[in-house]
Amino acid sequence: MTTSWRRMWLGLTLLFLRMEIPQAAAAAAAGSVDVMRGNLPDTTRDGDNYKSPQKPFPPPPSSLPMEAATTATPNRTMTTTTDINNVKSRWWKGRHRRRTSTTTVAFLKRRSHRTKTHNRSRTTFLKRALSSSVSNEWQDQWKRGLEKQRDAFMDRVSIVSSWLDIQQGKKTSDDEAATDPDAITKQSNLEVMPPRSIHIVTTAALPWYTGTAINPLLRAAYLYQTMVERYEAYEKQQQALGSPNSTTAMNTSNVSVTLVVPWLELAADQEQLYHTSFASPAVQEEYIRKWLVEQANLPEWVAQGLGILFYPARYHSTLKSIFAMGDLIQTVILQHNTTELDVCILEEPEHCNWYRAPGDSWLQRFHYVVGIIHTNYKEYAASSHYTGLFTAPALAMICSAMVRAYCHKVIKLSDTLQVFSPGKEVTNNVHGVREEFWQQGLELARQQSTNAHNNNELDLLQEPRVYFLGKLLWAKGLDIMLDMQEYYKKCVGSYFEIDIYGSGPDSEAIQRSFSKSAYRLSADKGGFVSSSLPSLSILAASSTTLQSISTLGNSLQIEAKRHWSNIKNSLPVDMPKTMQILPSMMAITQRGKPIPARFLGRVDHAQLPHNYTVFVNPSISEVLCTATAEALAMGKFAIIPYHPSNYWFFQFPNCLPYRNKLEFVANLRWALNQKPKPLTAEQAHQFSWQAATERLFSAASMTHREAKAAMDLSSTMEGERIAWFHNEVLGKGPRGDLIRKLFGAGPVSAQVQYQQQNQVDSEREGEAEDEGLGEGFARSWFATAIRTTWNDMAKAFGPS
């Protein structure tokens with residue numbers, strides 16, 4: 001130990017000997033007047049038993065010595081006050097001499113030997129003073145006083161910690177604790193009367209007709225309609241009862257539902273994704289509201305009353321996804337001029353937070369956050385490429401971390417999804433279909449009941465047809481469709497006719513696979529189909545060559561399957577489909593006749609002719625297929641695999657699930673020779689967005705018992721640590737931009753640089769303004785705090 005460190009240690013030791021526990025400081029932090037006055041009941045220790053004294057334990061005398069932390073003999077003893085004062089006096093005198101001896105470097109060198117000798121003698125004296133013997137009675141008394149002092153300090157720390165927990169809202173109040181444990185908490189009860197403010201954040205917007213654009217839009221619109229109608233009914237009931245709290249005019253401004261959607265800043269992104277461009281967010285907002293009225297058949301007041309907020313975003317062409325640029329939460333805060341928000345529904349919470357910019361957590365700004373999982377990213381990663389063997393587990397872990405860190409409650413549309421957070425998640429279908437779909441089903445049921453004598457003639461004129469509707473991707477089950485066609489031909493003798501509606505990146509390859517001249521690599525397990533191999537088209541000119549290669553491929557397939565099964569069984573993780581079907585890819589087959597399939601492009605499902613009565617969807621990569629729900633709502637047969645993603649559809653009589661190829665053929669033959677059962681009013685209601693909103697209320701709610709159990713889970717602290725690590729370590733500074741770039745963020749990796757550039761632009765705009773405080777100051781934390789305080793005062797005291 002050097003001389004300077006030894007001096008510092010001696011000084012701290014002596015100061016610690018005279019130190020008393022600052023009761024007033026702990027009381028001020030806890031906000032307790034009783035603690036400051038010293039009237040707080042304390043706890044003393046008597047052996048292993050605790051008891052509360054009648055009077056608070058007085059602080060120990062200032063002369064009470066502390067235990068020496070020196071390298072003295074094992075039998076340490078106490079010193080007297082006189083010895084300590086003598087030691088302090090000599091130490092302070094030496095300190096004064098050391099100060100005067102720091103004039104020059106040469107002078108220090110001349111006195112270095114003298115100073116070292118003096119320090120050694122002072123240290124020896126201190127050790128001897130601290131090792132002087134005292135009576136055992138004084139030692140026991142000192143230990144008891146020290147234990148009481150420590151207990152008092154820990155009690156005050158506990159009071160401060162409890163007060164901070166209450167201030168941060170992490171502990172329920174006394175009135176909530178006294179309520180029924182099975183009652184729903186106020187924050188999670190979306191059915192509670194206004195004022196309520198709900199934000200629905202999604203990662204896509206119209207005119208991109210995808211599930212994450214349409215479903216959140218309809219959810220927000222019907223949620224706003226339901227809340228306003230309930231509020232108006234409640235006000236009318238209060239007026240009829242003569243309640244003094246009722247008002248003559250309906251104040252629907254107390255109901256606030258805002259859809260938060262991305263705004264693609266780059267015109268190139270809009271052209272690539274929308275095939276058009278918008279001059280401003282206001283133009284795109286007008287397009288969305290018009291679609292709600294014309295396509296979704298919603299009232300005009302719903303389309304105009306729904307709030308729509310845009311946040312800056314970029315399109316990632318490689319991932320085919322939209323990601324926010326900048327702090328998305330700050331965008332919401334600036335709109336409402338408040339730092340405390342009510343409820344947030346995150347559509348695809350994992351997607352919203354993968355490459356988020358550094359900033360506050362969703363749980364810090366919103367009182368209650370619900371996440372709705374739409375996409376099975378783990379399945380897509382596992383089936384898209386052979387690297388899915390390593391990508392899928394990593395992506396599953398990242399998705400689970402994002403859900404744990406930023407959601408209070410998680411809603412999974414089906415059990416085909418992974419487990420994200422056992423204490424938070426629930427499975428429920430909170431999606432619906434547009435009204436025109438189930439209205440068609442009810443109209444068809446009325447026609448069948450009123451015109452029963454014309455049904456036979458109608459069947460002769462309109463032969464039932466089979467169709468598929470969806471994105472033209474191999475992952476959507478079209479490879480399985482080819483295998484079903486081959487097996488159907490083996491059983492029946494011919495292919496079944498099918499019309500395929502949709503578009504996608506694999507459209508050309510899929511069309512060639514259904515044609516006569518296609519030579520494909522067959523997959524017995526239905527994982528992959530390829531028809532775009534130039535080498536096979538060259539080999540097609542020689543039937544002899546093709547036959548020899550086919551024979552060789554079949555022989556190699558048998559041997560490869562045997563070795564591949566051994567490798568697959570030895571792996572500790574589940575293998576992606578693209579790896580599982582490698583041996584079966586060696587079998588080369590040639591189709592004698594083309595499959596009678598017509599590719600008719602993308603079309604609205606509701607515009608299809610009524611003679612399409614059989615919908616076939618062999619996909620097992622979906623979470624909950626919207627096209628299947630629309631087909632069943634229109635009163636059609638739906639032939640789908642027996643898979644967790646389809647469990648919700650099994651309650652309807654026109655759903656025909658299959659477990660193998662034989663059941664598929666049997667269901668298809670039966671559906672082509674039967675009429676679908678009429679859709680009832682109860683079944684139609686299950687498909688409506690009104691029923692989906694009711695299921696959302698139920699799934700998003702949390703009882704006091706569940707809230708307490710969630711707070712007791714170790715995953716709560718784990719989620720907070722994940723959020724801190726994601727924001728502080730992986731998100732901030734140039735390091736955060738670099739990490740995002742390494743993880744494939746691409747055009748959305750420079751989040752910090754984007755925020756800094758926006759701040760500079762705002763400051764320039766503020767300086768250019770002749771009047772006012774400028775936009776830069778308006779966005780600052782100081783101005784936000786002023787607005788928040790003013791709004792809170794206005795709410796508390798009302799209008800003057």
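The values are calculated or read from the model by the stated rules, or taken from the named source; none is laboratory data. Everything numeric here is computed off the predicted structure, so don't read it as measured data. Please note: Cβ atoms are built from the backbone with ideal geometry, for glycine as well, and neighbour counts cover all protein chains shown. Just the protein is used for accessible areas: all its heavy atoms, side chains included, with ligands, DNA and RNA removed. Shrake-Rupley method; radii C 1.70, N 1.55, O 1.52, S 1.80 Å.
The table for this structure:
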{"read-out": "Most to least accessible of 416, 202 (protein chains only, probe 1.4 Å)", "value": "416, 202"}
{"read-out": "Net length gained if the chain between residue 340 and residue 512 were fully extended (0.36 nm per residue, minus Cα distance)", "value": "56.3 nm"}
{"read-out": "Estimated distance in nm for a label pair at residue 360 and residue 295, the labels positioned 7 Å out from Cα along Cα-to-Cβ", "value": "3.5 nm"}
{"read-out": "FRET E, pair residue 193, residue 282, Förster distance 30 Å, beta-carbon r, rounded to 0.05", "value": "0.40"}
{"read-out": "Percent accessible area from carbon and sulfur atoms, the stretch 267-341, protein chains only, probe 1.4 Å", "value": "49 percent"}
{"read-out": "With every protein chain in place, the stretch 668-712: carbon and sulfur % of accessible area (1.4 Å)", "value": "54 percent"}
{"read-out": "Efficiency of FRET from Cβ geometry, residue 600 and residue 266, R₀ 22 Å, rounded to 0.05", "value": "0.10"}
{"read-out": "Pairs from 186/236; 236/290; 143/708; 186/732 whose Cα-Cα separation, in the structure shown, is over 28 Å", "value": "236/290; 143/708; 186/732"}
{"read-out": "Solvent exposure ordering (accessible area, 1.4 Å, most first) of 306, 730", "value": "730, 306"}
{"read-out": "Heavy-atom accessible area order for 351, 685, largest first, 1.4 Å probe", "value": "685, 351"}
{"read-out": "Rounded if a/c under 1.5, otherwise prolate or oblate - the stretch 358-447, Cα gyration tensor axes", "value": "oblate"}
{"read-out": "Burial order of peptide ranges 479-486, 267-274 (average beta-carbon count within 10 Å, highest first)", "value": "479-486, 267-274"}
{"read-out": "Which listed pairs, of 476/661; 320/424; 476/677; 412/677; 489/636, have C-alpha distances above 21 Å, in listed order", "value": "320/424; 476/677; 412/677; 489/636"}
{"read-out": "Virtual spin-label span in nm between residue 670 and residue 234, 7 Å along Cα→Cβ", "value": "4.7 nm"}
{"read-out": "Distance in nm between pseudo-label sites at residue 694 and residue 739 (7 Å out along the Cβ direction from Cα)", "value": "4.6 nm"}
{"read-out": "Those trypsin sites (Lys or Arg not before Pro) in the stretch 182-220 that DSSP places in a loop and that have at most 16 other beta carbons within 10 Å", "value": "186"}
{"read-out": "Extension gain (nm, one decimal) between residue 419 and residue 153, 0.36 nm per residue minus Cα-Cα", "value": "91.4 nm"}
{"read-out": "Shape of the stretch 323-371, Cα gyration tensor, a/c cut at 1.5", "value": "oblate"}
{"read-out": "Solvent exposure of the stretch 176-215 as accessible area per residue, Å², 1.4 Å probe", "value": "40 Å²"}
{"read-out": "Ranked by how many other beta carbons lie within 10 Å on average, peptides 430-437, 311-318 from highest", "value": "430-437, 311-318"}
{"read-out": "Cut-off under 5 Å, modelled amide H: who pairs with residue 311 long-range", "value": "261, 263"}
